[in-house]
Structure formats: structure tokens, C-alpha cells
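Asker: To start, I am sharing the structure in question, which I have written as C-alpha cells.
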Amino acid sequence: SSKFVIDQIAIPLDNRLSRKNVRCLVAEPGNVCSSFLAGLNIPLLDMLVMLVFMLMRLLGLRRFTISADCASAASVFLALAPEAELDPRLKYYSCASRLGAPSVATAPLDYVPETGDFLIKKLDVLMNK
């Protein structure tokens, strides 16, 4: 998936571009409740999805950010944090408490150096065409 590819190229790109003051860091917004079902024109289904998302959050699954405000927490953190506090080997996750207070959590990036190098070489070929 595209998320896997981003995880694989983030570290090699950061290594390459940080010398030019460009950082490559990965933020993930969590599960956001959107109107993706609106085309079905079944308002009850939209409400049911929202209730399931809220139940998941109440059960302690912090990655159910639900709103755009909570989902943007990791990206805002990355934009405002001092560069010395940022680590390209981490993924920054937007989270929400049971009551919806936004926060940011980190976890090591699932990175395979051989895969990252392979993908960067493929990107270089595309850029040179």
C-alpha cells in the first residue's frame, strides 16, 4: 500500500535531503469519520458509523481520532516542533483520549533498508527520465 511505501522511503529521503534543510517525516492521522458514505444517501448509516467510531474510542482505541482537529495533531506537532526533537526513524501518530483530547504518540517506523534503497533507486530512475 502507499503507506508502506512512504514508510520505506522516508528515512533514505531524509538522509538525502536533510543536508538541504528538507526533512522527511511520517505522520498518520488515525481513523477519521468522514462523509464517504454520503453518496448512499442513508443518514442512519452515517450515524451508525459515527457511533461505532465513538465506541471504539471509549474502549480506549486512541487511533480513532474521528475529527479533523484530532487527526491533524501529529502534522501540527511536526510543523511546530524544534528540529532537534524530530526523529525520522519514528512515525508520529495522531491520537485522541476517550473524551476526544488530541495528542501525539510515536513508534519506530517499520523500515526495511533494502526495500527503502530499492524504492529510492526506482524513484531516481523516474526523476531522470
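Asker: Once Lys and Arg get +1 and Asp and Glu get -1 on their Cβ, which of V125, S75, V49 lies farthest toward the positive end of the dipole of the range 49-129?
Answerer: Value computed over the given set: V49.
Asker: Also, quick follow-up: Could you please put M54, M47, M127 in sequence from largest to smallest accessible area, using a 1.4 Å probe?
Answerer: M127, M47, M54
Asker: Do the sum for the chain: with -39,500 (n - 2.57) for every DSSP H run of n ≥ 4, divided by all residues, what is the mean residue ellipticity at 222 nm, to the nearest 500 deg cm²/dmol?
Answerer: -14000 deg cm²/dmol
Asker: Take S34, S72 and sort them by solvent-accessible surface of the protein heavy atoms, 1.4 Å probe, largest at the top.
Answerer: S34, S72
Asker: Hey, another quick one. With a 1.4 Å probe and every protein chain left in place, tell me how much accessible area S67 has, in Å² to the nearest 10.
Answerer: Taking all protein chains as shown, S67 has close to 50 Å².
Asker: Another question about this same structure. Dipole of the range 45-129 (Lys/Arg Cβ +1, Asp/Glu Cβ -1, origin at the Cα centre): which of L109, S94, A84 lies farthest to the positive side?
Answerer: Positive-most Cα among the choices belongs to S94.
Asker: Could you list the chymotrypsin sites (Phe, Trp or Tyr not before Pro) in the range 3-59 that lie in coil according to DSSP, counting only those with at most 10 other Cβ atoms within 10 Å of their Cβ?
Answerer: F36
The values are calculated or read from the model by the stated rules, or taken from the named source; none is laboratory data. Since this is a predicted model, take the numbers as computed values, not measurements. Every residue, glycine as well, gets a Cβ built from its backbone with ideal geometry; the counts of neighbours run over all protein chains shown. The area values use the complete protein model at the heavy-atom level, side chains included, leaving out ligands, DNA and RNA. Shrake-Rupley method; radii C 1.70, N 1.55, O 1.52, S 1.80 Å.
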